[in-house]
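The values are calculated or read from the model by the stated rules, or taken from the named source; none is laboratory data. The shown structure was predicted, so the numbers you read here are calculated from the model rather than taken from an experiment. We place every Cβ from the backbone using ideal geometry, glycine too, and count neighbours over all the protein chains shown.
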Protein chains: 2
Amino acid sequence: MPINLSEIPTTAPDDLDKDDARKITRERAKRIAELHQKLVAEGKHSVLIVLQGMDASGKDGAMRNVFGECAPFGLRAVGWKKPTDLEFAHDFLWRIHKEVPAKGEMVIFNRSHYEDVLVQRVHGWIDEERVDRRIESINAFEKLLAYDNNTLILKFYLHLSKDQQAEELMERVVEADKHYKHNDGDWEEREHWDKYRAAYEDVIDRSEIPWHIVGVDQRWYRDYVMTEVIVDALENLGMQWPTLETERDWS
Amino acid sequence: MPINLSEIPTTAPDDLDKDDARKITRERAKRIAELHQKLVAEGKHSVLIVLQGMDASGKDGAMRNVFGECAPFGLRAVGWKKPTDLEFAHDFLWRIHKEVPAKGEMVIFNRSHYEDVLVQRVHGWIDEERVDRRIESINAFEKLLAYDNNTLILKFYLHLSKDQQAEELMERVVEADKHYKHNDGDWEEREHWDKYRAAYEDVIDRSEIPWHIVGVDQRWYRDYVMTEVIVDALENLGMQWPTLETERDWS
């Protein structure tokens, strides 16, 4: 059945206590750091985290809170902005493919190749045939990463309500340490809210590797859900610390 | 119907005169240079030339004779050798995708992503399931380049007889200016001739973008056929010299 985002809550369930959740989140963030260390040591798997969502859905904060305990070696965050001239002179996956994780590496995409079937579609810069082909290419591309480089791909749609977006955007105007995030363009994009919503629903429906939809109106709940998903997925890889390799007898 | 390479001649037809063919080849090589210049000027299309074939099938000579008239700007040749450690830590198309042509560029691959379903298969380094998936990925990848970056992909299988290979390899032992090409490993690979032949046939059958099979026992015939295919394909792009952009009235 096609997904209907307006039926999915953007808020935490009532019976979840905020302080309890925060405590659990902190423990899980530490566990993610341990599992990341194991990923680097073992060098067999790669991990790609994709963060998508409307403007002000909390992608930056998620990176800080979920991955903030990880060591920098073997971790990389890539923010995707408007393509350069050289990037525009190539297919849309060209710049993306260069940045995917190596074995033993975890890479976080703040926005991603999905922008090329979202913003470009909403503004009518590409036709629907191109959208179809790109979605097909994305599925083939993600499958390639998965089977040919043991890549665990975790995609998060940060699910924000329209009211909460207004609050978050307003904070950027009034708080000095958030001014740098303000962009008049975000208020213009907000007028296309319904079109973006529909484009997201379509993309989520047609993705072969499934999306995790995370309510983000309360940031603490976002972190609680994301850390849960990531810990579970990393545990499931069954990674092992490499055994000692030595020719001496240490007994 | 599946292709049977042993039914396709590796030599020139009897009624083609060598001197005539060479003259025509020279004219076509000049025409390729003109069309390449137009490609660069127009900046709308990209061209990817893939050269595959058994050892000593004449890939280097083809690059010299077919593209030797082209200007260096907007032309790039990439030789694919054994992957580096970093390349091995990624999917097999990672290093390939980085090197595909930009709009307004022609790139020649001397060997290519096809090695990953040929040499690795012949030696049993990957299983048949991985071969199937890789062929699927290659088809999706080439389709992406074609539709999303106007890439003309011309793939040549340089079709060499086993006897002629022996002669070519021997020349590398006896001629001083060919010593640098000699490699004991080529004689070992020659023992897998039939397996390589079968792997090539399978890849040619399953490629969505078709291959051009060129008999190369006589090098002059190789150049004659390749220049014909390339001139035709470039002419078919219908490229136009950009019109003059100026605000002054020059009349």
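Miscellaneous remarks
- In the stretch B:67-83, the residues that are touching a helix residue (DSSP H, G or I) at 6+ places or on another chain (Cβ under 8 Å) and of a type in the set (A, V, I, L, M): B:A71, B:L75, B:A77
- On the stretch given as the stretch A:3-38, residues that are under 13 Å from A:Y224 (Cα atoms), outside any helix (DSSP H, G or I) and not charged (D, E, K, R) total 4.
- Selection from the stretch B:102-120 of residues that are at pLDDT 95 or above, part of a helix (DSSP H, G or I) and more than 20 Å from A:F141 (Cβ to Cβ): B:E115
Let's see how each residue does on (1) over 23 Å from B:I108 (Cβ atoms); (2) facing chain A (nearest Cβ under 8 Å):
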| position | (1), (2) |
| --- | --- |
| B:W125 | yes, no |
| B:E129 | yes, no |
| B:I135 | no, no |
| B:I138 | no, no |
| B:K143 | no, yes |
| B:K155 | no, no |
| B:H159 | no, no |
| B:A166 | yes, no |
| B:A176 | yes, no |
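- Screening B:K178 on (1) surrounded by 18 or more Cβ atoms within 10 Å (Cβ to Cβ); (2) charged (D, E, K, R); (3) modelled with pLDDT under 95 shows it passes everything except condition (1).
- Among the conditions (1) surrounded by fewer than 17 Cβ atoms within 10 Å (Cβ to Cβ); (2) among the charged types (D, E, K, R); (3) over 20 Å from the mean Cα position of the chain (by Cα), the only one that B:E235 does not satisfy is (3).
- Segments classed as helices (runs of 4 or more DSSP H), wholly inside the stretch A:39-99, with at least 2 members that are within 17 Å of the chain's Cα centre (by Cα): A:59-67, A:94-98
- Filter result (more than 16 Å from B:H212 (Cβ to Cβ) and surrounded by 12 or more Cβ atoms within 10 Å (Cβ to Cβ)) within the stretch B:7-20: B:T11, B:L16, B:K18
- Per-region count, the stretch B:36-50, residues buried (at least 20 other Cβ atoms within 10 Å of the Cβ), under 30 Å from B:T243 (Cβ atoms) and either of a type outside the set (V, I, T) or touching a Phe, Trp or Tyr at 6+ places or on another chain (Cβ under 6 Å) (or both): 5
- Odd one out for A:F156 among (1) closer than 30 Å to B:F92 by Cβ; (2) of a type in the set (A, V, I, L, M, F, W, C); (3) outside any strand (DSSP E or B): (3)
- The set of residues in the stretch B:189-208 being surrounded by 17 or more Cβ atoms within 10 Å (Cβ to Cβ) and of a type in the set (A, V, I, L, M, F, W, C) consists of B:A199, B:V203, B:I204.
- Single match in A:G53, A:G68, A:G104, A:G58 (criterion: surrounded by fewer than 16 Cβ atoms within 10 Å (Cβ to Cβ) and of a type in the set (G, A, S)): A:G68
- Within the stretch B:97-116, if we keep just the residues that are out of contact with any strand residue (DSSP E or B) (no Cβ under 8 Å at 6 or more places or on another chain) and not charged (D, E, K, R), the residue that is nearest to the other protein chains (Cβ to nearest Cβ) turns out to be B:H97.
- Residue among A:K103, A:K98 that is in contact with a helix residue (DSSP H, G or I) (Cβ under 9 Å, 6 or more places away or on another chain), charged (D, E, K, R) and within 30 Å of A:V119 (Cβ to Cβ): A:K98
- A:E201 vs. criteria of a type in the set (D, E), in a helix (DSSP H, G or I), more than 14 Å from chain B (Cβ to nearest Cβ) and within 23 Å of A:V225 (Cβ to Cβ): yes
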